[in-house]
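The values are calculated or read from the model by the stated rules, or taken from the named source; none is laboratory data. In this text, all values refer to a predicted model and were calculated from it rather than measured experimentally. Positions of Cβ are generated from backbone atoms using ideal geometry, with glycine treated the same way; all protein chains shown enter the neighbour counts.
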Amino acid sequence: EEKDMEKAVWSLGLDSAPLSGFATELKLGSLVTLLLLTIVSGLVPLFLFRHKGSTVTSGTRQRLLSLISCFSGGVFLSTCLLDLMPSYLASINDALQGLNITLQFPLQEFIMAMGFFLVLIMEQVAMGYKDQAGYSEETDALLGSPGLVHSGVGMHHVHVDVNAHSAVRTMALILSLSLHSAMEGVALGLQQGRGEVLKSCLALLVHKSIMSFSLILRLGQGRLHIRAMLVCLFFYSFMCPLGIGLGIAWAGQADPVEQLTRSVLEGMATGAFLYVTFLEILPHELSSHHPQIDRVLVLLCGFSAIAAVLFIKI
């Protein structure tokens, strides 16, 4: 029976193997690789679709960028429903269980709602301030020249919101994705099994590459200045490696109170991302007056891409 048990454990692969120097080196290697790959993936939209001085583009290139934009919309939708929300709910439930707290009130969903309403309130305050004060020099410096889509495709598809809530939604998108990216890094840093670490590293590399490309493509559809987009890219790219480093440092120091605090922040970020996904990204991609099933199919492809990556992580 002991031999059968050993065979069963061995057949599960490396997941049951304890943490070793190899696993730690793998985490550190993934830290550097994630940083570089995320930055490179985010730079791809800038080099592919930004052509200074071009005012007229071909219909083929116009159509291509439109479909890629729909793909990124599916990526964000899948990330919201299949990644951020389940990850947050599992994290906060574990923290509450560790503190022996039993709730009758749906606190988990309430925290997400607070993140949703926080972005809504910030938007309305910013719009009210803009109506009173108008655009400032700082706003002009941030927005600057037209982004990727303005310089690359016609305006019949993209109706960029140039008023105050465009900036608020951009901020919410960056912060929510960056915080979740850091939490994913922490989760990887805390993992113990070598096989588990390897599988998570590979999945994160694919996931973050797709997300970085989609994020910069989304930012490029506004009037965000190129330097502001680069700052957002580097900020987002550093968050997951930072989380991995923190996870390695925190390994073996599980504190339910700290986990609950992180979960609350992640829940607020999830609510903010929920707002941006359903009130900004999806309406933008499905705003055409003409039925175009190919957009929906490409959006489904983006959704399926993240779903496949998450399936690999299981």
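Data for the structure
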read-out	value
Close pairs from the stretch 161-178: first at pLDDT 70 or above and in a helix (DSSP H, G or I), partner of a type in the set (Ser, Thr, Tyr) and surrounded by 20 or more Cβ atoms within 10 Å (Cβ to Cβ), Cβ under 6 Å, at least 6 apart	SER178/TYR236
When residues of the stretch 96-112 are limited to those that are among the hydrophobic types (A, V, I, L, M, F, W, C) and at pLDDT 90 or above, the one nearest to THR170 (Cα to Cα)	MET112
Hey, LEU142 under 21 Å from LEU219 (Cα atoms), modelled with pLDDT under 50, part of a helix (DSSP H, G or I) and of a type in the set (A, V, I, L, M) or not	yes
Residue check, GLU285 under 24 Å from ALA95 (Cβ atoms), crowded, with 18+ Cβ neighbours inside 10 Å and among the charged types (D, E, K, R)	no
Some residue of the stretch 113-127 being of a type in the set (Val, Ile, Thr), in a helix (DSSP H, G or I), closer than 26 Å to LEU217 by Cβ and at pLDDT 85 or above	yes
Only one of CYS80, CYS70 that is farther than 25 Å from MET183 by Cβ and modelled with pLDDT of 85 or more	CYS70
Condition met for THR60 (out of contact with any strand residue (DSSP E or B) (no Cβ under 7 Å at 6 or more places or on another chain), surrounded by fewer than 18 Cβ atoms within 10 Å (Cβ to Cβ) and modelled with pLDDT under 75)	yes
Residue check, PHE235 touching a Leu at 6+ places or on another chain (Cβ under 8 Å), modelled with pLDDT of 90 or more, of a type outside the set (S, T, N, Q) and closer than 30 Å to ALA95 by Cα	no
From LEU219, LEU265, LEU300, LEU230, residue being assigned to a helix (DSSP H, G or I) and either at pLDDT below 85 or surrounded by 20 or more Cβ atoms within 10 Å (Cβ to Cβ) (or both)	LEU219
